[in-house]
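Below: the structure, in structure tokens.
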Amino acid sequence: MVRTFLAAVCVLFLAAQTMEAQQSPSDQANVWVQIEAQSSLNAINEALQRRAGQLQDVNGFYLGSGWYGVALGPYTPDDAQRILTALRAERRIPRDSYIAEAGDFERQIWPIGEDQLATAQAAVPTVIEETELQVTQTEPQITTESTEDTAALVQPEPEVVEETPREARASESRLSRDERAALQIALQWSGHYAGRIDAAFGAGTRRSMAAWQAENGYDQTGILTTRQRAQLLGQYNAVLDGMDLAMVSDPQMGIEMILPTGIVEFTRYEPPFAHFDATGDIPARVLMISQEGNQDTLFGLYDIMQTLRIVPQDGPRERGSNSFTLIGESATMISQTEATLKNGQIKGFTLVWPAGDEERRTRILSEMQKSFTATSGVLDPAVGYNDEQSIDLISGLEIRKPILSRSGFYVDAVGTVITTTEVLENCGHITIDDEYDAEIVAQNDALGIVVLRPKAALTPMNVAAFRQGAPRLKSDVAVAGYSYGGVLGAPSLTYGEVAELRGLNGESELNRLELAALDGDAGGPVFDIGGGVLGMLLPRMSGERQLPDGVSFSADAEALQQVLMDAGVQVLVAGDAGQIPPAELTDRANGMTVLVSCWE
């Protein structure tokens, strides 16, 4: 019936159209009759199927700002106005339908493969042929980007009268609950609405609508027309310009979700992750997470994620029995990781975003959360495997590393540590053995000594026992330290002997050692053959003055004890036990020596 009616309408104006074409050049620009707008892919697909079964010349367009439109055409302006009037009179299209130009659309999304906008300035054919349109359910990679132009509904054509309040209320009644809530959110963002987001247009919402209308030069009716609603949402979504939000479906991961495809793109699989890396100036990253597992696997992933550089240490963390959320915050980035265990499959994602861009980050994060869908299957653990391996990487992600690591050692039963002040440079926070946060309780810059106390209670396996009196010249000594910054996982012993009981400038609190130490050993304890602590190894000299290889200095036991006593730390004194076996000395050093790390 509808097709018959529209065919009749076409017959009536074909003759007039042909005469006009003969009387003037065919230089009229194409226009369309826009009859519907939707704010989601599912809704626009349903609308296109429904309209194609009722009308001909049905097209789908992306309008911008997350909106999609159904439009009939293309027609000449006169033909479009006649069709608009006729279909309105028959109540086949909404009263708020209107004439739209090519510039009101960003791109054509349906029928698939067609692009009538590219020839929008060409003449419209003088004969309109009826075309049967087949709507197929597909997963098009349609982005939801914004441009500098506002949405199509914002640009009223001069020949179309704006909706009356009655017509606006009628079109408003067809909004879904989510669409009504979205308008309240946009009004809240614009500073006009302070109530609850309840999708109910009560007195407070009406007042906010009137305030927005006043600010934007409209009559203050308190009822937004179709165009005004699109303009408001366009303003709200302007922050997403260039993000190209699009639904990305990855069958290998078993995940579908919206991603900002304008700034990240897929680069590789490294189980359990699919990596989407930055393509431009915005240092954003996205990870999809997919693996088989149980609760232990989930908890292991939770622990591993916290060792990665993309998850700063500061920020809230929440772990439940079958899910976790990790938020890491630093001066340069904010990352959020969410993962859930269901039916033996762990699925989730990570969004990494530059700090200071919260509005855009939270908007994109919200879209990712709302759209996230776990489909069948998980990533094959063998996918993306390569021979390149590194202890600094986990599944292609850099492990968070400290700015600097040095050695230190326990000096009492509550875990107080003494170490070198070198480890304090440019620190955001300090850790003991990469696990315990520590705070400074005393510091002697002249000697280069600092005393640290763990913030959480701990019980050392061994503590230092300080040797009283000066050591003998040429006596054997050993330094325990993390020579390679913790890479080996345990301290190592470096052997040498006492060369001098003073510094190069006669400093009485220093001992010179013939010992080939490395940078990571600085701060470690210097033992005698009986396991007593003779002092603390100091960093090698830097700058223009360099020591020969095999020359090191240590702060002596008396100087260390004085710093500790000034800090209120009670120290142990070593007894005369004679020489102990090397294995026993190693055990004592391992239980006492710690890795002290400085982090951003």
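Table for the structure above
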| quantity | calculated |
| --- | --- |
| Test for Val135: is it modelled with pLDDT under 90 and either under 32 Å from the mean Cα position of the chain (by Cα) or open to solvent by less than 30 Å² (accessible area, probe 1.4 Å) (or both) | no |
| Qualifying positions in region 336-345 - at pLDDT below 95 and either within 16 Å of Phe276 (Cα to Cα) or of a type in the set (A, V, I, L, M) (or both) | none |
| Filter pass, Gly234 being of a type outside the set (Phe, Trp, Tyr), buried (at least 22 other Cβ atoms within 10 Å of the Cβ), more than 30 Å from Gln345 (Cα to Cα) and modelled with pLDDT under 90 | yes |
| Any hit, region 285-292, residues being open to solvent by less than 70 Å² (accessible area, probe 1.4 Å), of a type in the set (Gly, Ala, Ser), in contact with a Leu (Cβ under 7 Å, 6 or more places away or on another chain) and farther than 23 Å from Gly356 by Cα | yes |
| 1 or more residues acidic (Asp, Glu) and more than 29 Å from Tyr98 (Cα to Cα): qualifying helices (runs of 4 or more DSSP H) within region 176-274 | none |
| Criterion violated by Asp281 - all others in (1) open to solvent by 40 Å² or more (accessible area, probe 1.4 Å); (2) touching a strand residue (DSSP E or B) at 6+ places or on another chain (Cβ under 8 Å); (3) acidic (Asp, Glu); (4) not in a helix (DSSP H, G or I) satisfied | (2) |
| Residue, most open to solvent (accessible area, probe 1.4 Å), within region 482-508, restricted to residues that are assigned to a loop (DSSP other than H, G, I, E, B) and hydroxyl-bearing (Ser, Thr, Tyr) | Tyr484 |
| Every pair of residues 6+ apart whose Cβ atoms lie under 6 Å, when the first sits in region 459-477 and is within 21 Å of Ser508 (Cβ to Cβ) while the second is assigned to a loop (DSSP other than H, G, I, E, B) and open to solvent by 40 Å² or more (accessible area, probe 1.4 Å) | Ala470/Leu501 |
| Matching residues, region 456-475, being out of contact with any Phe, Trp or Tyr (no Cβ under 9 Å at 6 or more places or on another chain), among the polar types (S, T, N, Q) and open to solvent by 40 Å² or more (accessible area, probe 1.4 Å) | Thr459, Gln468 |
| Some residue of region 47-65 being open to solvent by less than 20 Å² (accessible area, probe 1.4 Å), small (Gly, Ala, Ser), modelled with pLDDT under 80 and touching a Leu at 6+ places or on another chain (Cβ under 7 Å) | yes |
| Residues of region 60-77 satisfying the condition of being under 15 Å from Val33 (Cβ atoms) and either under 36 Å from the mean Cα position of the chain (by Cα) or among the small types (Gly, Ala, Ser) (or both) | Gly60, Phe61, Leu63, Gly69, Val70, Ala71, Gly73 |
| Criterion (surrounded by 12 or more Cβ atoms within 10 Å (Cβ to Cβ) and in a loop (DSSP other than H, G, I, E, B)) met by exactly one of Arg512, Arg540 | Arg540 |
| Selection count, region 258-309, where residues are in contact (Cβ under 8 Å) with a residue 40 or more places away in the chain and small (Gly, Ala, Ser) | 5 |
| Scope region 337-357; condition closer than 15 Å to Pro260 by Cβ and either among the charged types (D, E, K, R) or open to solvent by 20 Å² or more (accessible area, probe 1.4 Å) (or both); matching residues | Pro354, Asp357 |
| Members of region 243-259 found to be in contact with a Gly (Cβ under 9 Å, 6 or more places away or on another chain) and surrounded by 15 or more Cβ atoms within 10 Å (Cβ to Cβ), listed by number | Met243, Asp244, Leu245, Ala246, Gln252, Met253, Gly254, Ile255 |
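For every residue, the table says whether it meets (1) touching a residue at least 60 places away in the same chain (Cβ under 8 Å); (2) touching a strand residue (DSSP E or B) at 6+ places or on another chain (Cβ under 9 Å); (3) closer than 23 Å to Glu163 by Cα.
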{"position": "Leu48", "(1), (2), (3)": "yes, yes, no"}
{"position": "Arg51", "(1), (2), (3)": "no, yes, yes"}
{"position": "Gln56", "(1), (2), (3)": "yes, yes, no"}
{"position": "Trp67", "(1), (2), (3)": "yes, yes, yes"}
{"position": "Pro74", "(1), (2), (3)": "no, yes, no"}
{"position": "Arg82", "(1), (2), (3)": "yes, yes, yes"}
{"position": "Arg88", "(1), (2), (3)": "no, no, yes"}
{"position": "Gln108", "(1), (2), (3)": "no, yes, no"}
{"position": "Glu114", "(1), (2), (3)": "no, yes, no"}
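The values are calculated or read from the model by the stated rules, or taken from the named source; none is laboratory data. Every value quoted in this text rests on a predicted model; they were computed, and no experiment measured them. Positions of Cβ are generated from backbone atoms using ideal geometry, with glycine treated the same way; all protein chains shown enter the neighbour counts. Side chains included, ligands, DNA and RNA excluded: accessible areas come from the protein's heavy atoms. Shrake-Rupley method; radii C 1.70, N 1.55, O 1.52, S 1.80 Å.
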